[in-house]
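Q: Quick one: the structure is below, and I'll ask about it shortly.
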Amino acid sequence: MLHPFPMLFDLPDHETLYRALLDRDTAYDGHVYAGVIPTGVFCRPSCPAPKPTLAHVRFHDSAAACLRAGLRPCLRCRPLDPVGQREPLVSALLRQLEDDPCRTWTNDDVAALGYEPSVVRRTFQRQLGIGFIEMARLRKVAG
Ligand SMILES: [Zn+2]
């Protein structure tokens, strides 16, 4: 596996995480996400975008936690794309979501695209820690 950390990953202290952010340390990708308070965007540590100051960063241990905190995914580092193997249905639905973030999604919409809603929910839960419908709702609120 790619992951250098054990399954239960306790976040290091804020300054260590901030240093990883400045270093664009890919070892933290998938384990730590940086929420930037003034912009309301969240990033992978390896994001190529200019880094915010320490005081403006809030670290979260999952993309789902960032979404629940009202943050929206960075368009440069695409933090919702899982690290490593990615299910085609996850990629396809994430693309739909980014094309139209204001849309209200239901399981019927998912089914209309030819996906089984329960499979979509389980796959999103496994890869991103959050179901697609909930993610779409939070994404819409974040704008
Ligand atoms: Zn980013």
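The values are calculated or read from the model by the stated rules, or taken from the named source; none is laboratory data. Just so we're clear, the structure is a prediction, and the values are computed from it rather than from any experiment. In this analysis, Cβ positions are derived from the backbone assuming ideal geometry, glycine residues included, and neighbour counts consider all displayed protein chains.
Q: If you go through the range 31-41 one residue at a time, do you hit one that is free of Cβ contacts under 8 Å to residues at least 40 places away in the same chain, within 23 Å of Gln125 (Cα to Cα) and touching a Gly at 6+ places or on another chain (Cβ under 6 Å)?
A: no
Q: Which residues, counting only those in the range 83-123, are of a type in the set (Val, Ile, Thr) and exposed (fewer than 14 other Cβ atoms within 10 Å of the Cβ)?
A: Across the range 83-123, the qualifying residues are Thr104, Thr106, Val119.
Q: Please count how many residues of the range 89-108 are in a helix (DSSP H, G or I) and either of a type in the set (Gly, Ala, Ser) or at pLDDT 95 or above (or both).
A: The total comes to 4.
Q: Applying the selection to the range 19-51, what residues are in a helix (DSSP H, G or I), within 15 Å of the ligand (Cβ to nearest atom) and surrounded by 15 or more Cβ atoms within 10 Å (Cβ to Cβ)?
A: Those that are in a helix (DSSP H, G or I), within 15 Å of the ligand (Cβ to nearest atom) and surrounded by 15 or more Cβ atoms within 10 Å (Cβ to Cβ): Ala20, Leu21, Tyr28.
Q: Moving to a separate point now. Filter the range 77-97 for residues that are among the hydrophobic types (A, V, I, L, M, F, W, C) and more than 16 Å from the ligand (Cβ to nearest atom) and give the result.
A: Leu89, Val90, Ala92, Leu93, Leu97 - these are the residues of the range 77-97 that are among the hydrophobic types (A, V, I, L, M, F, W, C) and more than 16 Å from the ligand (Cβ to nearest atom).
Q: Here's a follow-up. Which pairs have Cβ atoms under 6 Å, sit 6 or more apart or on different chains, and link a residue in the range 124-143 that is farther than 12 Å from Ala63 by Cα and surrounded by 16 or more Cβ atoms within 10 Å (Cβ to Cβ) to one that is among the small types (Gly, Ala, Ser) and modelled with pLDDT of 90 or more?
A: Once the first residue is farther than 12 Å from Ala63 by Cα and surrounded by 16 or more Cβ atoms within 10 Å (Cβ to Cβ) and sits in the range 124-143, its partners that are among the small types (Gly, Ala, Ser) and modelled with pLDDT of 90 or more give Ala142/Gly70.
Q: Being within 14 Å of the ligand (Cβ to nearest atom) and surrounded by 13 or more Cβ atoms within 10 Å (Cβ to Cβ) is the filter here; which residues of the range 60-76 pass it?
A: Across the range 60-76, the qualifying residues are His60, Ala63, Cys66, Leu71, Arg72, Pro73, Cys74.
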